[in-house]
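Written out below as structure tokens is the structure these notes cover.
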Amino acid sequence: MLREAVDWAEIDALIACLAEEPMRAKQVGEAIRRLNDVDLADVLEDWLRRAARDRRREAARAARVEQKIAAPLQQWFAGLGAMAATALAVGTLTPPGGFLLVAAFVVGAAGATWGRYRGSKRGDDLVAEAEEIERLSEIVAKETEARGRPGSADSQ
């Protein structure tokens, strides 16, 4: 089984399930202690480290989108909304057109704010999941070392 190609999406989904449940850490430690094949523990540790790196990369990508797209859009809509409100107040815009323009910019700013919130929350969730997966990886490394076999180079 270890020599066969395995779909990473399936492995990643299983790792996500492991990370969701706090009691899984104890179960993973117990399972590693019962293993007859320490190579399997090495493979599992590698998979866990890869999944954690992937989560951190995704979190960084979400932060970049939030900073480079959503934040400027939010500022742009808010600024234009303020300018439209000012133009309406001084009489440069007619009331129906001015109110419509202000409403459009307020809705745009609210949408950009919501997008920033969602991106930030997604990034935070991914970082938390990465930390939990790293904790599982450390448990596997610790149990492997306890069996008399040195852990991976990452865990030393």
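Projecting the Cα atoms of Ala62, Gly119, Phe99 onto the charge dipole of region 46-156, computed from C-beta unit charges around the Cα centre, puts Phe99 farthest toward the positive end. Rounded to the nearest 20, the Cβ-based charge dipole of the chain about its Cα centre (Lys and Arg +1, Asp and Glu -1) stands at 680 debye. Looking only at Glu143, Glu30, Glu66, which one moves most when the chain is put into a Gaussian network model with springs between Cα atoms under 10 Å? In this elastic network of the chain, the residue with the biggest mean-square fluctuation among Glu143, Glu30, Glu66 is Glu30. Report the far tail of the P(r) of region 68-107, meaning the percent of Cα-Cα pairs longer than 15 Å. Value for region 68-107 (Cα pairs over 15 Å): 36 percent.
Who wins for biggest fluctuation among Ala52, Ala130, Ala60 in a Gaussian network model of the chain, springs between alpha carbons below 10 Å? The residue with the greatest mean-square fluctuation here is Ala60. Go from 0 up to the bin containing the longest alpha carbon distance in region 33-78, width 5 Å each, and give me the % of pairs per bin. Spelled out bin by bin, region 33-78 gives 5, 19, 13, 11, 11, 9, 9, 6, 6, 5, 4, 2, 0 percent. Note that the chain presents 64 Å² accessible area per residue, ligands and nucleic acids not counted, probe 1.4 Å. If one takes the longest principal axis of the Cα atoms in the chain, at what angle in degrees, from 0 to 90 and to the nearest 10, does the Cα axis of helix 38-65 lie? The two axes meet at around 10 degrees.
On a 0 to 90 degree scale, rounded to 10, what angle separates helix 95-146 from the longest Cα axis of the chain? Its long axis makes an angle of about 10 degrees. Of Gly119, Gly29, Gly97, which is the most mobile in a GNM of the chain whose springs link Cα atoms less than 10 angstrom apart? Looking only at Gly119, Gly29, Gly97, the biggest GNM fluctuation is shown by Gly97. Using only Cα atoms and rounding to the nearest 10 degrees, what angle (0 to 90) does helix 71-90 make with the longest principal axis of the chain? Approximately 20 degrees, to the nearest ten. Give me the percent of the accessible area of region 61-156 that comes from carbon and sulfur atoms, probe 1.4 Å, all protein chains in place. Whole-percent figure for carbon plus sulfur exposure: 63. Restricted to Cα atoms, the chain shows a radius of gyration and a Dmax of 24.8, 81 angstrom.
The values are calculated or read from the model by the stated rules, or taken from the named source; none is laboratory data. The shown structure was predicted, so the numbers you read here are calculated from the model rather than taken from an experiment. Ideal geometry is used to build each Cβ from the backbone, glycine not excepted, and the neighbour counts take in all protein chains shown. Just so you know, the surface numbers come from the protein's heavy atoms only, side chains and all, with ligands and any DNA or RNA stripped out. Shrake-Rupley method; radii C 1.70, N 1.55, O 1.52, S 1.80 Å.
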